[in-house]
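A quick write-up on the structure given underneath.
Here, each number is a calculation from the coordinates, and none is a lab measurement. This is a predicted model, so every value here is computed, not measured. Virtual Cβ from ideal backbone geometry, glycine too; neighbours counted across all protein chains shown.
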Amino acid sequence: MINIQKYVQAESLEEAYQLNQKRSARILGGMLWLKMSDNTVGTAVDLCRLGLDTIEETEEAFSIGAMTSLRQMELHQGLNRYTRGMAARSLGDIVGVQFRNMATVGGSVWGRFGFSDVLTFLLSLDTWVELYKGGLMPLETFVFLKRDNDLLVRIHIRKKPGVFVYQAMRNQRTDFPVLTCALSCVQGEYRAVIGARPGKAMVLGDEEGLLAEGISQESAQAFAAYAANRTPTGTNLRGSAAYRTHLAEVLLRRNLLELGGMQKWN
Amino acid sequence: MELTLTLNGKPVTEQIEPGLLLIDFLRSHGCYSVKRGCETSNCGLCTVFLDGRPVLSCSLLAARAAGHHIQTLEGLQEEAADFVGFIADQGADQCGFCNPGFVMNTLALLRENPDPSDDEIRAYLAGNLCRCSGYEGQLRGIRNYLNSRKKEGGAHGA
């Protein structure tokens, strides 16, 4: 069980950053994962007083504070309007309402967890992370960086016109997903994201132009097979690598057919 | 460190250890409806309201609740009274261990959505695990309660 020696509600980002430079310090997110660890934390730094628990929407973008709960995102009308309900669909099976009232988007993104529905969802959008010292960078870049002592301040989603769909396979509702699959078409560019492989989510584009003529039964099948073949999968308690590769092809084909208006799964 | 919060409408101030979890703080104040179950933030047994929102007290530092309003089932007896009888009528409480968390989250659901569909009930209560009942009794109990409320013309504030 975690052992916390000192707890501080930071008064500023600078204070939080300075406190976090010590090896034994931890920034608190929702604490749902952290509390199950077996560590001693010298100083637990809480960002809860810094006003980072809101979603701001402009004509151009959403700006989501790191302490915003997954439940706030799930229920946010603007985010669901823009993503055609993908926010609610991708987050709604994460454990339960109480859990999602506590889990923060900052904790989920900073953790870069392989099983993350949140990461799969956000990677299918034009999402950027704002770090206190590191500044702005695409989420796709951030995902593969090593954890350091910087602070994740906000998530920015640029509202480029697009269409979005999401599906996940779970052995049981509220369990970790066996595989997650998001698909977007933003300004004509397709972006497939496959997560819970069980490695962290990865993005695949249509480099071969398989969807250049639009979505049909044949092109959907061809792209789904192409993407599934290029997606490394692994085995764990929830499913084998072969099963995940098969699922990736099926979910991606379904997402493509839904995006093309040919079939409705959600 | 010193913690001040409002528990079931009453201000409480106490010296606590920084790592104290809210569930342990609440039980030390006689709120025995708040149960420890899975220890993995999954079962919903420890559900309490933080400023009206259902949260898992097993995963929340007591220190983080400073300045906030916490409600447990002990403080919501009146609001729960109408509803729990319908659960008991279905025999759905069985061993009773999951019941307080289940009742708390149902109250949260009905505050947010006074007339939920069966699917909305299932979705909202997905984070409350019961190892006795298979959930059908609870669902029937909630449905019967909602139907009775409709028959009474919203007399309970639906």
Report task. Pop the C-beta distance of A:LEU145 and A:GLN18 into the FRET formula with R0 = 25 Å and round what comes out to the nearest 0.05. Result -> 0.75
Requested in this report: Would you please give the residues with an amide H less than 5 Å from that of A:VAL95, counting only those at least 5 places away or on a separate chain, with H modeled from the backbone geometry?
Outcome: A:THR174
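Let me know the whole percent of all Cα-Cα pairs from the range A:55-158 that are separated by more than 23 Å.
Values: 982 of 5356 pairs.
Roughly 18 percent, rounded to a whole number.
Any idea what diffusion coefficient the protein assembly as shown gets from Stokes-Einstein, in µm²/s, Kirkwood Rh on alpha carbon pairs, 37 °C, 0.692 mPa s? Let's see the in-between values first.
On the way: Rh = 22.9 Å.
Taking Rh from Cα pairs, D becomes 144 µm²/s.
Arrange A:ASP117, B:ASP115, A:ASP150 by Cβ neighbour counts within 10 Å, fewest through most, would you? Before the final figure, lay out the partial values.
Numbers: A:ASP117 26, B:ASP115 11, A:ASP150 18.
Lowest to highest Cβ neighbour count: B:ASP115, A:ASP150, A:ASP117.
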Query raised in the report: Can you give me the pair-distance distribution of the range A:1-114, C-alpha pairs, 10 Å bins, whole percents?
Result: 14, 41, 31, 13, 1
Report task. Taking amide H positions as placed in the peptide plane 1.01 Å from N, state which residues far from A:VAL153 in sequence (5 or more) or on other chains have amide H under 5 Å from it. Result -> A:GLU130, A:LEU131, A:TYR132
Query - Calculated from backbone phi, Karplus (6.51, -1.76, 1.60) coupling profile of the range B:42-48 in Hz, x at Gly/Pro - result: 10, 9, x, 5, 9, 4, 9
Query raised in the report: How large, in Å, is the range A:3-46 by the Kirkwood hydrodynamic radius built from its alpha-carbon pairs?
Result: 10.5
Report task. Taking chain A as the reference, fit the longest principal axis to its C-alpha atoms, fit the long axis of helix A:241-259 to the helix C-alpha atoms, and give the angle between the two in degrees, 0 to 90, nearest 10. Result -> 70
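Treat the count of other C-beta atoms within 10 Å as a stand-in for reagent exposure and order A:LYS264, A:LYS160 from fewest to most.
Starting with the residue having the fewest Cβ neighbours, the order is A:LYS264, A:LYS160.
Considering every Cα-Cα pair within chain B, what fraction, in whole percent, is farther apart than 21 Å? Don't jump to the answer; show the numbers that get you there.
Details: 5554 of 12403 pairs.
So the pairs more than 21 Å apart make up 45 percent of the total in chain B.
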Report task. Note the angle between two axes, namely the Cα long axis of helix B:77-89 and the longest principal axis of the Cα atoms of chain B, as a number of degrees from 0 to 90, rounded to the nearest 10. Result -> 50
Query raised in the report: A:MET137 label point, 7 Å along Cα→Cβ, cut-off 13 Å on backbone N: hits in the range A:112-131?
Result: A:128-131
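From the mean inverse distance of alpha carbon pairs (Kirkwood) and the Cα radius of gyration, derive Rg over Rh for the range B:2-74. Present the calculation step by step, with values, prior to reporting the outcome.
Details: Rg = 11.0 Å, Rh = 11.9 Å.
My calculation of the ratio gives 0.92.
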Query raised in the report: At what distance in nm do the modelled label points of B:ASN144 and B:ASP119 sit from each other, each positioned 7 Å from its Cα along Cα→Cβ?
Result: 2.6
Report task. Take every Cα-Cα pair in the range A:127-266 and report what % of them are more than 28 Å apart. Result -> 24
Report summary line: Each label sits 7 Å from Cα toward the beta-carbon; between A:GLN221 and A:MET262 the label points are separated, in nm, by 0.9
Query raised in the report: On average over all directions, what projected area in square nanometres does the range A:52-92 have, based on the convex hull of its Cα atoms?
Result: 2.6
Query raised in the report: Quick one: Cα convex hull volume of the range A:190-266, Å³ per residue?
Result: 83
Report task. Return the long-range amide H neighbours of A:ASN3 (sequence gap of 5 or more, or a different chain), with a cut-off of under 5 Å between placed amide H atoms. Result -> A:ASN39, A:THR40, A:VAL41
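What Kirkwood Rh does the range B:73-158 have if only Cα atoms enter the pairwise 1/r average? Answer in Å.
Working: mean 1/r = 0.0775 Å⁻¹.
Computed over Cα pairs of the range B:73-158, the Kirkwood hydrodynamic radius comes out at 12.9 Å.
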Query raised in the report: Loop-only check: which trypsin sites (Lys or Arg not before Pro) in the range A:159-228 are DSSP coil with at most 14 other Cβ within 10 angstrom?
Result: A:ARG173
Report task. Give the order of A:MET262, B:MET104 when sorted by the count of other beta carbons within 10 angstrom, beginning with the fewest. Result -> A:MET262, B:MET104
Query raised in the report: To the nearest 10 degrees, how steep is helix A:217-229 against the longest Cα principal axis of chain A, on a 0 to 90 scale?
Result: 50
